[in-house]
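Rule-based calculations on the coordinates, nothing more; no lab input. The structure displayed is predicted, hence computed values, not measured ones. Backbone-built Cβ (ideal geometry, glycine too); neighbour counts: all protein chains shown.
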Amino acid sequence: VASWIERIGEESPFRQEIDKNLATFNDANSPWHRTVRASGGEAYDVYLVDENNQLIAGLYGEVYWDGLEIDRLWVNEAYRHTGLGTQMLNKALKFGRSRKVSHAHLTTFSFQAPEFYLKHGFKVVGEMVDMPPGHSKFWLRKELNE
Amino acid sequence: MTEHLNIVVEHEADETRRDLILKNLRNFNDSQSHWHQAIRKEGAQPLDVFALDDDGNILGGLIGETYWGWLAIDYLWVVDVHRSNGLGSLLVLEAETVAIEKRDCQWSKVSTFSFQAPSFYENLGYDIAGQLDNYPPGETMFWLKKTLPTPSNA
């Protein structure tokens, strides 16, 4: 016998219990989840700063499991289309190869930089059309051991 | 243009600079997508469904939120003894019904690993929108999408 509880517009204290139970299930079924939860990934950050230590561009991500995940990439507007994004991406990919991971992956929206990543050998492995409406969210992947 | 610039590489997360990159990226997103601007201002709306026994213990739960016309299912879990008896389906269908009728949602999405429940979602009408193979090694991560039916009593 069960009863339903719906919470709308407000987070329920039960959320934590579901999170914990799901983590336990994942750890029981995937040694990789267990490992990354215990020891975390390895952060990778690269930034470009000017003489006054002002940020001009940056990329950060993480190596875990068998891949390099690129979380964020940003270039100051005045410096876009000057190759800084490519330089940072190449540094990150080089780091990934030094860690012997097989691939790099990331997500990007249609209004951001899918073309930039495609130009650098990434392939679309997923597309959520209308996320947000009128746009798409892409998942991109590049093999590093080819 | 870049001759006086310094490249800094770090192998430990630089939280201060990470925060700044994130802030700048969000500003860019907000300038390009009014959807991003809106969700940042208003936030997503939580949508949670739980099944409890008579003593108030959790038998299963779905944790999600709605935004941009989407139901995003973040977590779904059902206690061992109630797996494969339809409780999970009830949780998903209930969340979808609320998303359709009370939140005007048109789509639903979820991600799941190969060792979790991809076929469960496919049976509920979700289609694979993408997959990342060997993530983690030997497994696959799937992104699934469902176009929700229009409200029945509209």
Crossing angle, helix B:87-103 versus chain B [Cα axis fit, 0-90 degrees, rounded to tens]: 70 degrees
Gaussian network model of chain A, springs between alpha carbon atoms under 10 Å - residue of A:GLY96, A:GLY126, A:GLY61 with greatest fluctuation: A:GLY126
Given 13 as the ceiling on other Cβ atoms within 10 Å, longest exposed-site-free region of chain B for GluC sites (Glu not before Pro) in DSSP loops: B:13-154
Whole-Å distance, taken between Cα centres, linking region B:54-124 and region A:53-74: 32 Å
Over region B:7-154, relative contact order from alpha-carbon pairs under 8 Å, at least 6 apart, %: 16 percent
Rg(Cα)/(2.2 N^0.38 Å) for chain A, N = residue count: 1.31
Residue order, fewest to most beta carbons within 10 Å, for A:HIS135, A:HIS103, A:HIS81, A:HIS120: A:HIS81, A:HIS120, A:HIS135, A:HIS103
nm² value of the averaged projected area, convex hull over the Cα atoms of the protein assembly as shown: 17.2 nm²
Average beta-carbon neighbours from other chains, 10 Å sphere, peptide A:47-54: 4
Qualifying trypsin sites (Lys or Arg not before Pro) in region A:17-124, DSSP loop, other Cβ atoms within 10 Å at most 16: A:ARG80, A:ARG99, A:LYS100
Lysine pairs in chain A with Cα atoms under 21 Å, if 8 or more residues apart or on separate chains: 13
Kirkwood hydrodynamic radius (C-alpha pairs) into Stokes-Einstein, region A:36-79, 20 °C and 1.002 mPa s, D in µm²/s: 181 µm²/s
Spacing of the two label points (7 Å from each Cα toward its C-beta) at A:ASN145 and B:VAL81, in nm: 4.5 nm
Chain B: proportion of alpha-carbon pairs further apart than 21 angstrom, %: 60 percent
Order of A:LEU55, B:LEU47 under a 10 Å beta carbon neighbour criterion, fewest first: A:LEU55, B:LEU47
Inter-probe distance in nm under a simple model that places probes 7 Å from Cα toward Cβ, at A:SER98 and A:GLU77: 3.5 nm
Nearest-ten-degree value, helix A:84-98 long axis tilted from longest Cα axis of chain A: 60 degrees
Angle between chain B longest axis and helix B:15-32 axis [Cα atoms, degrees, rounded to 10]: 70 degrees
Pairwise FRET efficiency - B:ASP133 versus A:THR24, Cβ, R0 = 22 Å, nearest 0.05: 0.30
